[in-house]
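Below is one structure, written out as structure tokens; the observations come after it.
Please treat every number below as a calculation from the coordinates, not as lab data. The shown structure was predicted, so the numbers you read here are calculated from the model rather than taken from an experiment. Because the Cβ atoms are built from the backbone with ideal geometry, glycine has one as well, and the counts that use them run over all protein chains shown.
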Ligand code: EPU
């Protein structure tokens, strides 16, 4: 059961009276900084991955019967996707205490995406593939750009055309039809795209004949979706590689539940926090294999890590004298993730070194550095995709306005190491991707309080 009030506080309850999940759009965090002292310690458990569960939720449309997902994080984006699926008719049932989600994709009758919610959730685009494949038509609004960049959808439109769909765009809405159903096709993605790969992988499962997807994204979330579909009878080869071959067939029968993989971006952010604030912080319930590029980068910077099978312990940082000029370039997986770029920049402000950071995936993902500068960081913005960071600079308390999920978490990290009491606004963004982050921060010693922002400006939840 899903309820929504005018403030976008959403409640999903297992049954009337059960625990509900509800966050406000105008919450803010008050954080008392540690003034660079290494005082945090303890364990941080990592929750299920946002970017893994969202496509799996969409994949429910490919099934004859309800699917069950476990280890589902209690985050806003799961609620948004549940709302969309609920409006389509899939009656999602979420038990937050058990972190279990059941979705009846088989009950969907009408493949039309709600404009308001779809526009606020960029990932809504992944519903287009399975809906079009199953219903031979789909209609969705242009998901738009957002604070991190333009976010085009050309790969989606071109790919659907190759699979035989007719595309009409009218009043910022797309109407796709394929009266005879989608046909298998060869699709080469000119850029690697996570959500485009997921969308066409799902569409191909119900298309006629064979689909070959080339230059696909290699992110663990893509592989996890492919493995889930394959375990439930989809015929997919090449999983984990750059070419996927899918032989289309009928609707899938659920055979195995989905267990959401650990969120590598959340784990990575806590490792960076540990590098800055702790000599003994253990990140648990994670998959270190998904974090190789960060582990390599942190080790080069002198961060002492003890890497286990499902956990990583941060044991402090060596003072390395000759770090030279540090170069960080974001890259598709397995390269350095764009989603960890902002937390890493906070770390770079605390090293005695010069670092050049090149954001290659999204052209608008360095705007948050202005706020770090206002805290005292020495950052020169060369252009919209490159900055020079000179450390080490003490950070001062400030009131910050997180522009997106990942920069929002970077601001929390910056506020924790700063001197004084900082405020991080737009907590809504952080809630979209991180489950009750303040509880886990408090448990390792952070002085953090959530409160309603006094005199909030009119706030329009953004798109992602
Ligand atoms: N691109 C195109 N045309 C398209 C689609 C993408 O040119 O039709 C370009 C993008 O502009 C970008 C590049 O392809 O330059 C890669 O973007 P991608 O499509 O992979 O991004 P996405 O699928 O929209 C996912 C994650 C993002 C994450 C990126 C990169 C989900 C729901 N979102 O986005 O996560 O940053 O991959 O890894 O999986 C977040 O969680 O905060 C977030 C933004």
Alpha-carbon centroid distance for the pair region 221-281 / region 298-369, whole angstrom: 23
Compute the helix-to-body angle for 264-277: its Cα long axis versus the longest principal axis of the chain, expressed 0 to 90° and rounded to tens. 0
Pop the C-beta distance of residue 43 and residue 65 into the FRET formula with R0 = 41 Å and round what comes out to the nearest 0.05. 0.60
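Using a 10 Å cut-off around each Cβ, can you sort 447, 114 from fewest to most neighbouring Cβ atoms?
447, 114
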Virtual spin-label span in nm between residue 259 and residue 161, 7 Å along Cα→Cβ: 4.4
Given R₀ = 25 Å, what would the calculated FRET efficiency be for residue 307 paired with residue 279, taking r from the Cβ atoms and rounding to 0.05? 0.90
With a point put 7 Å past each Cα toward its Cβ, work out how far residue 399 is from residue 319 in nm, to one decimal. 3.8
Mind pulling the angle between the C-alpha long axis of helix 405-417 and the longest principal axis of the chain? Nearest 10 degrees, somewhere in 0 to 90. 20
Length added when fully stretched, residue 115-residue 452, from 0.36 nm per residue minus Cα-Cα: 118.5 nm
If the viscosity is 1.567 mPa s and the temperature 4 °C, what Stokes-Einstein diffusion coefficient in µm²/s follows for the chain when Rh is the Kirkwood radius over Cα pairs? 57
Along the Cα→Cβ direction, 7 angstrom out, place labels at residue 186 and residue 299. What is the inter-label distance in nm? 4.0
In nm, what is the difference between 0.36 nm times the number of residues separating residue 35 and residue 373 and their Cα-Cα distance? 120.0 nm
How far is helix 194-206 tilted off the main Cα axis of the chain, in degrees rounded to 10, range 0 to 90? 20
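Please report 354, 83 as a ranked list, fewest other C-beta atoms within 10 angstrom at the top and most at the bottom.
354, 83
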Could you tell me the calculated FRET efficiency between residue 136 and residue 242, based on Cβ-Cβ distance and R0 = 30 angstrom, to the nearest 0.05? 0.50
Applying the gyration tensor rule to the Cα atoms of region 357-431 (axes a ≥ b ≥ c; rounded if a/c under 1.5, else prolate if a/b exceeds b/c, else oblate), the class is oblate
